[in-house]
1. Taking the residues in the stretch 59-76 that are more than 18 Å from Asp33 (Cα to Cα) and at pLDDT below 90 as candidates, determine which candidate is least open to solvent (accessible area, probe 1.4 Å).
2. Take the stretch 23-34 and flag every residue that is modelled with pLDDT under 85 and either at positive phi or open to solvent by 90 Å² or more (accessible area, probe 1.4 Å) (or both).
3. Go through the stretch 36-58 and give me each residue that's loosely packed, with under 13 Cβ neighbours inside 10 Å and among the aliphatic types (A, V, I, L, M).
Amino acid sequence: LACPNLMLRTLYETVRSLLTETQRQPIPRTEADRMRASLGEHRQIITALATHDPEAARLAMASHIRNTARCAGVMI
């Protein structure tokens, strides 16, 4: 983990195995189109992080979370 913030790094290391396991569990109603869209959303997040654009990263992540939650039947 390339995070200079010790508190965030420690928090991530504490929950990493739980996060990894939840990401292995497919959302039951996920269709192929949603999976493709999700990959595109991940690319947007990575691009924003790579270009050091925190606002774009925040917006892309918020959009991804909303879309994923909607797919899972959760409204946020």
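The values are calculated or read from the model by the stated rules, or taken from the named source; none is laboratory data. Only a predicted model underlies this, so the values are computations on that prediction, with no experimental measurement involved. Cβ: placed from backbone, ideal geometry, glycine included. Neighbour counts: every protein chain shown. For accessibility, only protein heavy atoms count, side chains too; no ligands or nucleic acids. Shrake-Rupley method; radii C 1.70, N 1.55, O 1.52, S 1.80 Å.
1. Val74
2. Listed by number, the residues that qualify are Gln23, Arg24, Gln25, Pro26, Pro28, Arg29, Glu31.
3. Listed by number, the residues that qualify are Leu39, Ile46, Ala50.
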